[in-house]
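Working notes, structure below.
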Amino acid sequence: MNTVLVILALATLGTAAVAMSLRNLLHSVLLLTATWAGVAAFYLWAGAEFVAFAQLLVYVGAISMAVLFAVLLTRHSRDDVAAPPAARSRGVYAAAAGAAVAGVLLAAVSLAPLATAPARAPAVSVRQLGGELMGAHAASLLAVAVLLTVALVGAVVLAAGGPPEKPGDTP
Amino acid sequence: MSPLQLCLAFSSLLFAVGLTGALARSNSILVLLGLELMLTAGSVNFIAFWRFGPPASPATGVVFAIFAIAVAAAETAVGLALVIAVYRHQRNIRLPEANRLKG
Amino acid sequence: MSFSLPSPLESAPGARVRAVRDPFHGDLLEVSMGPHHPSTHGVFRMNVTLDGETVVKLKPVFGYLHRNHEKIGENASYLGSMPYTDRLDYLCSMTNNWAYALAVERLSGQTVPERAEYLRVILAELTRLLNHTCFAGFILQDCGASGTPLMYAFREREKILDLFESLSGSRMMCNFQRFGGCRADATPEWLEAARALVDGYGAFLDEFEELLTGNEILMARTQGVGRLPAKLAVGAGITGPMLRASGVGYDLRKVDGYGVYPRLDFRVPVGADGDTYDRYMVRVLEMRESIKILRQALGTLPGGPVMDPKARLRGFRAKPGEVYSRIEGPKGEIGFFLISDGGPNPYRYRVRPPSFINLTVLEDLCLGHSIADTVVILGSIDIVLGEVDR
Amino acid sequence: MRLLATTDSSLLERAPVLLRDALSGLLPPPARWTANALIEIVAILAVFGTLFAFLTLAERKILGRVQNRPGPNRTGWFGLLQPFADGIKMLTKEDIVPHAADPVLHYLAPVALIAFSLLTFSVIPYGRDLLAVRMDASVLFFFAAGSATELSVFMAGWSSHNKYSLFAAMRALAQLISYELPLLLSVVPVVLAAGTLSTAGVVAAQSGWKWGLVPHWHVFTPWGAAGFAIFMVSALAESNRSPFDLPEAESELIAGHLTEYSGFKYALFFMAEYFGMCALSGMAVTLFLGGWQAPLPALEFVPSYAWFALKLLALIAGFMWVRATLPRLRIDQLTRLAWKFLVPLALINLGTAAFWSLTYPWGGSLQLLRWAVALALVMGPFLLLGRRLSAGLGARTYRYA
């Protein structure tokens, strides 16, 4: 069981790390899509079927598309998808910071007295989940719904609200 | 290592990769994607504790993960809109040059 | 502080480009559509500058099919040019023949027997049916209706081509008209077949129109797309159905009254908006008028010879002088300008091809529309590259 | 996976499962689970592979008949060997990769496309006992896997380094973002009514007959009919079929994202298009047309998978008919149709479905009221939004000079 997890984790981390260091922005995005798919596979492995499919639908189906759209909209020419790495010193600092955080977190994880795993995954059907969402978590569901709506409207306003156009400028 | 610790190690490393990417790159889309990875690492934790942690309500972890995904989606939408807005103003999306608050 | 992008096109001298701005005003992309593109109706190229999918500049490039037609006409005998005119607009060889024959007849003051005049009208109207049927099929194909209307149209076209073949021996390159009449006479069987075709054509048109004319997608694709204002149309010398779609009721069959058209009863449909839909509908309505003309002409076809007995074809020499003669071809005014110095071949031979002149407004029609509209607009102009490039 | 043949059904009904069990029974028990899974995968690949081959032929034949021509008829009887001839041709053609192309993405695009479109086949119940993967959230899985296919179209369009392909890539993205929403929203009422996200559960919810005559299929309710229509229109767009075939619009973009593909990679794209069409039609059958259920109680002796196949083929024939008839939309009209027409309709339809399930206990004359209100809720917005959508369009009258 752990072998599957390790393989999944390594594949996911590998794609993420490579994606973060590539020069070609489009390749980065597509590789990150693979990362997200890997995380979805992890959810599936953990038995959270619904979350896995939601992750797939939202990240692979929607967010990757939006990011690709943004990449295509923000370039000067056809071939302008290169994202040159920043200054070397910045990369070194970033790597150091990342390594430090990773070290602290890994140390904490390995030293923490964590409860042992239950024998089987807590079975949760979609029906139960729906009941939970509409019952105990109804308020947060509403809050998330409002947040999503506001974010969507805000995104449209931000992206589409260009400078005021001179009359007669448009055909 | 127990499976829970493995999962947590996985999420920590994912978080670190996202952090490194977000700090190292100057392209705002890549920075945004780094943040996204860090958020994903957070929801990996939710699922890990739900699966292997001390038993609580059976659906709590899943519900939290779903909320996290929804919030991440909202964050990306707004972030990308910002990227496009910045691009329209200064014709590139390099972060060091987007240091003015004035249009 | 407002921010605006300097467009390279706005500052270009003489640029008549309307600035098309969308919120995601990106960089311009140049696409060379053609010469090998499925919808350029031959070897034609459009250098399109696009902002997103919106056309901000369009430069037609042609000449890939240039065959030196006019220079050949100056070196060939008067009769020798006749088969060349077939190749101008290879869908409408009969009207090309007629326009050329008429020019030479006027130059030399020849007359044409009554029966030949009627036969010419019959063949010209059949050609109009043929051309407009193909047009209707092609433009729906350009709109993306995958082949069905085109195949329907081609079925009818074959029937007309069969008639041409049995009369002239060739389906498309008819080479049928001569100075002073027609090369051959129509047999009673041929006339019977023509009547049968004309009787059935109305039903075909009904079927064809039922297929797509009332379709909302077609209307959405064509209405308001590629509007040609009447003023621009007249100013650019646009003729034919394209001009009439813009609301100008100008038809040489009425204006010049050549042949026996004054004796026939028909109407000239006129559009109002001058958009692609009007250009399509005007042609469909013209087909219905052509059917009326054909019925009358086939009903009142007089007897007699089809060739002026005094006419001389071999060794023909025209009197010195010059002439411009034109007829209403299916695509517009097809005219021939000839200068004769009394020799066996014209001193100057010049064609006024309708598709070429109609094509000049392509950019004006396409600006501000999307790349998908460009294809439909080009289709609605109805060009044949043989005529454009000559 | 853990399929058990129900004992009360006919031998013909149980035949596929029995055959599988007989085959895997030859192996030792620990290997049986894997063997069963493999047999199911091979069966799906074989059935849909063959179906694909003959659907291409059927499409060409149907298009041919609609267009007054015979269609392929030279290879074998009635052209029945045409798909194999095409296959050999495709396999032997040179595989061209443009010099400037992004070779990795160019190679990956068809592979990813075919992989994702095959994934969707795993959750469709083909018959009473025929369902490869039983999952609680299989409807969600179907759309999650299906949404990734457009990513491959983008990859293909981008990597080809061709301007037409790039347009196709952008169009594919815009199309996906626009039509994913109505597609999913049209499914929500079904989930609401069936109370489950599993495909098997949705089919089970549609079992039975009213007065022993009218099946309880979702399509026979007002919201179901509307949902079915929205689903099918969105499915046309999702599978890039005419009149929504903008990414490969041949009269505008040559072949769009396929322009720079040849040989077997092209064949894979072609295959994926048909797989997508099959999968979406299969899902429509499952969600709205009662899945594998027979239309009349008296017809239940026919095996359930035959009913499924029949409905599937009918829907695919509909796809082909539409392709033979309609002109293509423009990209702005396409997105407008989605955002201003289908999405609002789908949202209202959700309300209609909620009303329908809330008024479930109404009986007698109230039943008539229920139908009237539901029909008004479906037809009213349809007419109003439709009128707004086609504002300014209409037949014209012409004057004569």
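The values are calculated or read from the model by the stated rules, or taken from the named source; none is laboratory data. Here the structure is a predicted model, which is why all the values come from computation and not from measurement. Every residue, glycine as well, gets a Cβ built from its backbone with ideal geometry; the counts of neighbours run over all protein chains shown. Heads up: the accessible areas ignore ligands, DNA and RNA and are worked out on the full protein's heavy atoms, side chains in. Shrake-Rupley method; radii C 1.70, N 1.55, O 1.52, S 1.80 Å.
In the set (1) modelled with pLDDT of 85 or more; (2) open to solvent by 30 Å² or more (accessible area, probe 1.4 Å); (3) within 14 Å of chain D (Cβ to nearest Cβ), C:GLY214 fails one condition alone, (1). Counting only residues that are at the interface with chain A (Cβ under 7 Å from one of its Cβ atoms), open to solvent by 40 Å² or more (accessible area, probe 1.4 Å) and not hydrophobic (A, V, I, L, M, F, W, C), region B:21-58 holds 3 of them. A search for C-beta distances below 6 Å between a residue of region C:190-214 that is touching a residue at least 60 places away in the same chain (Cβ under 8 Å) and any residue that is of a type in the set (Ser, Thr, Tyr) and assigned to a helix (DSSP H, G or I), counting only pairs 6+ apart in sequence or on different chains, returns C:PHE208/C:TYR152. Would you call C:TYR64 at pLDDT 85 or above, open to solvent by 20 Å² or more (accessible area, probe 1.4 Å), within 20 Å of the chain's Cα centre (by Cα) and under 21 Å from C:GLU363 (Cβ atoms)? Against the criterion (at pLDDT 85 or above, open to solvent by 20 Å² or more (accessible area, probe 1.4 Å), within 20 Å of the chain's Cα centre (by Cα) and under 21 Å from C:GLU363 (Cβ atoms)), C:TYR64 qualifies.
Checking the stated criteria, A:ALA99 turns out to be modelled with pLDDT of 80 or more, out of contact with any Asp or Glu (no Cβ under 8 Å at 6 or more places or on another chain), open to solvent by 40 Å² or more (accessible area, probe 1.4 Å) and more than 30 Å from B:HIS89 (Cβ to Cβ).
How many of the residues making up region C:153-186 are of a type in the set (Ser, Thr, Tyr) and either assigned to a loop (DSSP other than H, G, I, E, B) or at pLDDT below 90 (or both)? Final tally of qualifying residues: 2. Whether any residue in region A:33-44 is in contact with a Phe, Trp or Tyr (Cβ under 9 Å, 6 or more places away or on another chain), farther than 19 Å from D:VAL153 by Cβ, without any contact (Cβ under 8 Å) to a residue 60 or more places away in the chain and open to solvent by 30 Å² or more (accessible area, probe 1.4 Å) is what I want to check. Scanning region A:33-44 turns up at least one residue that is in contact with a Phe, Trp or Tyr (Cβ under 9 Å, 6 or more places away or on another chain), farther than 19 Å from D:VAL153 by Cβ, without any contact (Cβ under 8 Å) to a residue 60 or more places away in the chain and open to solvent by 30 Å² or more (accessible area, probe 1.4 Å). Scanning region D:250-264 for residues that are in a loop (DSSP other than H, G, I, E, B), within 13 Å of chain C (Cβ to nearest Cβ) and among the polar types (S, T, N, Q) yields one hit, D:THR259.
Counting only residues that are facing chain D (nearest Cβ under 7 Å) and at pLDDT below 85, which one in region A:37-53 is farthest from D:GLU180 (Cα to Cα)? Here the answer is A:GLU49.
Taking region C:62-118 as the range and being among the charged types (D, E, K, R) and not in a helix (DSSP H, G or I) as the test, the residues that pass are C:ARG67, C:ARG87, C:ASP89. Got at least one residue in region A:51-69 being small (Gly, Ala, Ser), touching a residue at least 40 places away in the same chain (Cβ under 8 Å) and surrounded by fewer than 24 Cβ atoms within 10 Å (Cβ to Cβ)? No, that holds for no residue. Of the residues D:GLY291, D:GLY282, the single one that is under 15 Å from the mean Cα position of the chain (by Cα) and not in a helix (DSSP H, G or I) is D:GLY291. Output the residues belonging to region C:246-289 that are over 16 Å from C:ARG128 (Cα atoms) and part of a helix (DSSP H, G or I). Hits for region C:246-289 are C:VAL255, C:PRO262, C:ARG263, C:THR276, C:TYR277, C:ASP278.
Scan region D:26-52 for residues that are over 19 Å from D:VAL123 (Cβ atoms) and loosely packed, with under 12 Cβ neighbours inside 10 Å and the total you get is 5. Here are some residues: D:LEU383, D:LEU345, D:LEU358, D:LEU368. Which one is at pLDDT 85 or above, of a type outside the set (Ser, Thr, Tyr) and surrounded by fewer than 17 Cβ atoms within 10 Å (Cβ to Cβ)? D:LEU383 is the lone residue from the list that is at pLDDT 85 or above, of a type outside the set (Ser, Thr, Tyr) and surrounded by fewer than 17 Cβ atoms within 10 Å (Cβ to Cβ). Inspect all residues belonging to region D:203-213 and state whether any of them is touching a residue at least 12 places away in the same chain (Cβ under 8 Å), under 18 Å from the mean Cα position of the chain (by Cα) and more than 13 Å from chain A (Cβ to nearest Cβ). The answer is yes; a qualifying residue exists. Restricting attention to region C:130-154, the residues being within 17 Å of C:THR213 (Cβ to Cβ) and either within 12 Å of the chain's Cα centre (by Cα) or open to solvent by less than 10 Å² (accessible area, probe 1.4 Å) (or both) number 15.
Of everything in region D:228-249 that is more than 12 Å from the chain's Cα centre (by Cα), hydrophobic (A, V, I, L, M, F, W, C) and assigned to a helix (DSSP H, G or I), the residue that is nearest to D:LYS89 (Cα to Cα) is D:LEU246. The set of residues in region C:346-388 that are polar (S, T, N, Q) and in contact with a helix residue (DSSP H, G or I) (Cβ under 6 Å, 6 or more places away or on another chain) comprises C:SER355, C:ASN358, C:THR374, C:SER380.
Is it fair to say B:PHE10 is facing chain A (nearest Cβ under 7 Å), closer than 27 Å to A:VAL156 by Cα and either assigned to a helix (DSSP H, G or I) or of a type in the set (S, T, N, Q) (or both)? Spelling it out, it is not the case that B:PHE10 is facing chain A (nearest Cβ under 7 Å), closer than 27 Å to A:VAL156 by Cα and either assigned to a helix (DSSP H, G or I) or of a type in the set (S, T, N, Q) (or both). Which pairs have Cβ atoms under 8 Å, sit 6 or more apart or on different chains, and link a residue in region C:357-368 that is under 17 Å from C:GLY335 (Cα atoms) to one that is assigned to a helix (DSSP H, G or I)? Filtered contacts from region C:357-368: C:ASN358/C:MET242; C:ASN358/C:ILE381; C:LEU359/C:ILE381; C:LEU359/C:VAL388. Counting only residues that are under 16 Å from C:VAL284 (Cβ atoms) and more than 9 Å from every other protein chain (Cβ to nearest Cβ), which one in region C:234-254 is surrounded by the most Cβ atoms within 10 Å (Cβ to Cβ)? This residue is C:PRO241. Evaluating D:ILE114 against the criteria (1) in contact with a helix residue (DSSP H, G or I) (Cβ under 8 Å, 6 or more places away or on another chain); (2) hydrophobic (A, V, I, L, M, F, W, C); (3) open to solvent by 20 Å² or more (accessible area, probe 1.4 Å); (4) not in a helix (DSSP H, G or I) leaves one unmet condition, (4).
Yes or no, residue by residue, for (1) buried (at least 24 other Cβ atoms within 10 Å of the Cβ); (2) touching a strand residue (DSSP E or B) at 6+ places or on another chain (Cβ under 7 Å):
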{"site": "D:PHE143", "(1), (2)": "no, no"}
{"site": "D:SER165", "(1), (2)": "yes, no"}
{"site": "D:ALA172", "(1), (2)": "yes, no"}
{"site": "D:VAL190", "(1), (2)": "yes, no"}
{"site": "D:ALA194", "(1), (2)": "no, no"}
{"site": "D:VAL202", "(1), (2)": "yes, no"}
{"site": "D:LYS210", "(1), (2)": "no, no"}
{"site": "D:PRO215", "(1), (2)": "no, yes"}
{"site": "D:LEU236", "(1), (2)": "no, no"}
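Screening D:ARG323, D:ARG388 for residues that are assigned to a helix (DSSP H, G or I) and crowded, with 18+ Cβ neighbours inside 10 Å leaves exactly one candidate, D:ARG323. Once region A:117-145 is narrowed to residues that are in a helix (DSSP H, G or I), more than 10 Å from chain B (Cβ to nearest Cβ) and open to solvent by 50 Å² or more (accessible area, probe 1.4 Å), the residue that is modelled with the lowest pLDDT is A:ARG127. Taking the criterion of being outside any helix (DSSP H, G or I) and of a type in the set (Asp, Glu), the residues of region C:331-390 that qualify are C:GLU333, C:ASP341, C:ASP382. Which of the residues belonging to region C:197-241 are hydroxyl-bearing (Ser, Thr, Tyr) and closer than 29 Å to C:GLU363 by Cα? Passing the criteria: C:THR213, C:THR222, C:THR239.
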